[in-house]
Amino acid sequence: MITIESVSKNFNGKPAVDDISFQAHDQEILVLLGTSGCGKTTTLKMINRLVEADSGNISINGKNIRDQKPEELRMGIGFVMQHSGLFPHYTIQQNIAVVPELLGWDRKKTENRTYELLNKLHLSEDILSRFPGELSGGQQQRVGIARALIANTPVLLMDEPFGALDNITKADIHSEFKSLEELKNKTIILVTHDVQEAFELGHRICLMDKGKIIQTGTPEEMLYRPQNDFVNEFFNENRLLLEYKIAVLKDLANSESLYSEFGFTENTSVWNALQKLSSDHRNTEYYESLIRAFNEYRKLQIV
């Protein structure tokens, strides 16, 4: 879907992105992960030509992005910025309607799509007449996502979309984000420096450092099959928590009884199951048995 081939970008003679190549597959969430200054945001902005690449090629669905005018290219790409990126002097309704107006939608079509997204993102209609500064950080971020989704583009770029939120609000929005049907037919590239966020939301992860891609793979591959010491050390601090997040109940031999009793599915993460079980002291036996099963699973993975 999105192909990056030997792309580089220099600023003031210094490489920000250094000869990188990767693909984001159709209907995949690909996470660009790394510390500040590693080149991930520059990479993202080159895809919609907010930053022009110095060399290399970027194509979407086989079409080179340089074959389109930047404004035409961006019409087919949703973009969620850091801190929501809402226009402060526009009402929420005006903010969400920016792209539909550029596309020439009639008022009724825009309104219907706006109300549909408000409902899906758990926002009330009474915010439409308010301004961004009157909303909480979580509400602003949801509005930013609504604005990016309204035209239902096949590609969505997200630059640290949840970085300014507190952990509780972030967890709520992550849950809503993963459950949105809107996202299941899109190719999404998401930039973050948050390792847990990358493992929770990404199908695959591109780990970057100093403008280069160090390794690309699934969360399991990054954790259990690192290509070098840098990758291994990058995830070490959060290793046990990340292992809980990527393991799912179907991987654990003795988890079948949890499905019917607690409403879990085989794809429920061990982390989510343990959180639910730990909230009720009556579930101590299940909690401990799940920990034991996970420890056995972990031994097999590490070996």
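Throughout, read-outs are computed from the coordinates displayed, never taken from laboratory work. Please read all numbers here as calculations on a predicted model, not as lab measurements. FYI the Cβ positions are ideal-geometry reconstructions off the backbone, even for glycines, and counts take in every protein chain you see.
Structural remarks
- The coefficient of translational diffusion for the stretch 247-302, derived via Stokes-Einstein from the alpha carbon Kirkwood radius under 25 °C and 0.890 mPa s, stands at 221 µm²/s.
- For the pair residue 275 and residue 181, the difference between a 0.36 nm per residue extended length and the Cα-Cα distance amounts to 31.3 nm.
- When the alpha-carbon atoms of the stretch 92-229 are used, the pair Rg, Dmax equals 17.0, 56 angstrom.
- Anchor residue 69: lysines whose Cα lies under 27 Å away (excluding residues fewer than 8 positions away in-chain): 9, 40, 45, 109, 186
- Spin-label model distance (nm) - residue 291 vs residue 89, 7 Å beyond Cα toward Cβ: 5.8
- Distance-filtered residues of the stretch 66-86 - backbone nitrogen under 18 Å, label point 7 angstrom along residue 59 Cα→Cβ: 66-69, 73
- Residue 69 paired with residue 171, simple spin-label distance in nm, labels 7 Å along Cα-to-beta-carbon: 4.8
- Overall form of the stretch 221-283 per C-alpha gyration tensor (a/c, 1.5; a/b vs b/c): prolate
- Shape descriptor for the chain: Rg over Rh equals 1.00 (Cα atoms; Rh from the Kirkwood inverse mean 1/r).
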